[in-house]
Every structure is written in C-alpha cells, then in structure tokens.
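Okay, so here's the structure we're looking at.
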Amino acid sequence: MNGKTPPVIAVVGPTGSGKSDLGVELALRLDGEVINADAMQFYRGMDIGTAKISVAERRGVPHHLLDTMDVTEEASVSGFQEDCRAIIEDIHARGKRAILVGGSGLYVRAALDVLEFPGTDPALRKALEDEAAARGLSVLQERLRAVDPISADRLGDARRIIRALEVHQLTGRPFSSFMPVREYHQPAVQIGLEVDREELRERLAARVQRMVDAGLLDEVRALDAAGLRQGKTASRALGYAQFLRVLDGESDVATAAEETIVATRQFARRQLTWFRADPRITWLDWKDPQLVDKAVAGIVEAH
C-alpha cells in the first residue's frame, strides 16, 4: 500500500442489483473484507426477507456487521458510524481493503462522509411528544419555524419535527446545520450499479416470489415469537410488516407477496434517487461481463 491509507471502497445501488456479489468479487481480487451497510441485515434471523448473503455465497470473505442485533433492538445510524469506522480502521491496519456494501443511503453517508450526530434526551423528547399530543403538532411546527425555518419547510411528520426541536434545545444549533455535506471523512471510492429499470422491476418480483417459496412466512412467524413487533427498526422491514398481517388473519400470502413487490419497487426507486444525487459515484452497468474488471480498474485509479 506504499504507506498510504487506501480508500474505503463502497458498492452502492438499488436493492436487487447485485451489490453483494460484486462486493465478494472485489474482496477476492483486492484481498478485502466486506462491511454490511444494509440496515435490515444487521438483524439475526432476518435472512430470507432481506436477501442476506449466505455463508456459502461469501466464499470465505469475512463479512462484518451482519447478524449483530436482535429484532427487538433499534438500529442507530450514529452507532453504525462508530462501529463501521472502527472496523475500517482495523481492516486497513491489517493490510486489507475495506469494502462497504449496501443500499441504506444514510448509513453509507454516515460511514463515508463528514457527518455529525447530535445527542438525544429521552425526557426532553417525551415532553415534546406529550405537548404535541395535547396542543397539536402545528404548535411545534411554528416553534420550529422560529428557530429553524429550513427544517420547518422540509419536515412534515411529527417524529422529525420533534427531533428537530430536541436538537435545537440540546445544542442551541438548528437541526438543519447537522445535515451531511458531500465531503469524505477519509479517502473513498464509490461504485454504483447502473440498472435497467424494467428488468429490475421484473427481477424484484421474481425475488419476492422466491422468498415466499423459501419460507418467508415461517421466518416471520419465528421472528414474531422473538419480538419482531416490538422492534422499531426491524418491524418496518420490507416483507415483514406485510407478512405479519398474514399471521394476524388480516391478509393472505398472495396479497402480502404482491404488496411486498410494490413496496420493494418503490424502495428501489427511492434508492436510485438518493444515490443518483451523489456526483462522486462511478456508475457501471450491472450486466457488463467486464463489471469486476472495470470496478477494480476504477478503484486502482482512484488510489
């Protein structure tokens, strides 16, 4: 490595585009280790519905931040940032390459970019939630407008408005001042997978059907017994919320599968919008036979 810190490699793009496979290929070529940046793959037992890469598919490549949490635990972007950066440092210290793989956009930004996370105060947040319930959200919206008009214009739901007020009261700074900037925390190179959108739509539908055939309902049933409904993060995962309704007798498997397909396609569109906004990403055709070679060439050139 010639004494230089190598750039962190990030493989990004929409769900179903082949990020996990490319991450493994790059790790094998570059003597690297993979760090998961898919928030739902932190959870033990959430395997089928998150399309989590299997042990066999990892092909001996170490994978970090997979299966690190119970479904009852709440994922934290700030906690991920701390853990991920420590793992990157350890990987590089051992002379390996750190390869971040995932489609959770804010988590990728937290790992790669200069991004501060203001603290929290549960008592203050509870007081604001109680005030919103008693006096109405509009009262809090107007208070936010007085101290942070940028956030007031941008935020519309109760949770974020309350969070913005909490941050202002704790720090004296507007919540909008903590928004991320496109400035790398350390050297990095991002590879994005360019997809054919219609083909991706078809691929996502087929993937959901494979999940159903592989036993998604049974997986959800087991996780329900383990406390899935109590998990603020895990319970919102694509497919799991839909199939919990099957367990409750409020839906059937075919309906839940179709709802999951629709929700997954919508999520993929949001991911594309998020990543497309980052001009630093080098986009490569997901179906290119030379994909791995081109990705390696781009990484070497960046280093």
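Of note:
- Enumerated helices (runs of 4 or more DSSP H) restricted to the stretch 76-183, each holding at least 1 residues that are under 30 Å from LYS19 (Cβ atoms): 77-93, 105-112, 149-154, 158-171
- When ARG280, ARG201, ARG270 are screened for being more than 30 Å from PRO7 (Cβ to Cβ) and surrounded by fewer than 19 Cβ atoms within 10 Å (Cβ to Cβ), only ARG201 passes.
- Candidates in the stretch 1-17 are the residues that are of a type in the set (S, T, N, Q) and modelled with pLDDT under 95; of these, the one that is farthest from the chain's Cα centre (by Cα) is ASN2.
- Residue within the stretch 253-275 that is outside any helix (DSSP H, G or I) and either under 18 Å from VAL12 (Cα atoms) or touching a Gly at 6+ places or on another chain (Cβ under 9 Å) (or both) present: no
- If you go through the stretch 149-174 and pick out every residue that is over 18 Å from SER138 (Cβ atoms) and either of a type in the set (Ser, Thr, Tyr) or under 22 Å from the mean Cα position of the chain (by Cα) (or both), you end up with 1.
- Look at (1) surrounded by fewer than 16 Cβ atoms within 10 Å (Cβ to Cβ); (2) under 25 Å from PHE267 (Cα atoms); (3) polar (S, T, N, Q) and you find that SER151 fails only one, number (1).
- Matching residues in the stretch 18-68 - criterion: being more than 20 Å from the chain's Cα centre (by Cα) and in a loop (DSSP other than H, G, I, E, B): ASP31, ARG59, GLY60, VAL61
- Per the listing ARG163, ARG159, the residue uniquely among the basic types (Lys, Arg) and either touching a residue at least 60 places away in the same chain (Cβ under 8 Å) or surrounded by fewer than 17 Cβ atoms within 10 Å (Cβ to Cβ) (or both) is ARG159.
- Scanning the stretch 39-46 for residues that are under 21 Å from THR282 (Cβ atoms) and in contact (Cβ under 8 Å) with a residue 24 or more places away in the chain turns up nothing.
- The stretch 111-132 - residue that is within 20 Å of SER78 (Cα to Cα) and at pLDDT 95 or above and, of those, surrounded by the most Cβ atoms within 10 Å (Cβ to Cβ): LEU112
- Residues located in the stretch 218-256, provided they are under 20 Å from PHE42 (Cα atoms) and either over 23 Å from the mean Cα position of the chain (by Cα) or of a type in the set (Phe, Trp, Tyr) (or both): ASP218, ARG221, ALA222, ALA225, TYR240, PHE243
- Some residue of the stretch 200-209 being over 22 Å from SER17 (Cβ atoms), touching a Lys or Arg at 6+ places or on another chain (Cβ under 6 Å) and of a type outside the set (Asp, Glu): no
- Residue that is free of Cβ contacts under 8 Å to residues at least 60 places away in the same chain, closer than 30 Å to GLN290 by Cα, out of contact with any Leu (no Cβ under 7 Å at 6 or more places or on another chain) and of a type in the set (Lys, Arg), where the choices are ARG210, ARG145, ARG203, ARG245: ARG210
The values are calculated or read from the model by the stated rules, or taken from the named source; none is laboratory data. As the structure is a prediction and not an experimental result, all values here were calculated from the model. No Cβ is skipped: glycine too gets one built from the backbone with ideal geometry, and neighbour counts run over all protein chains shown.
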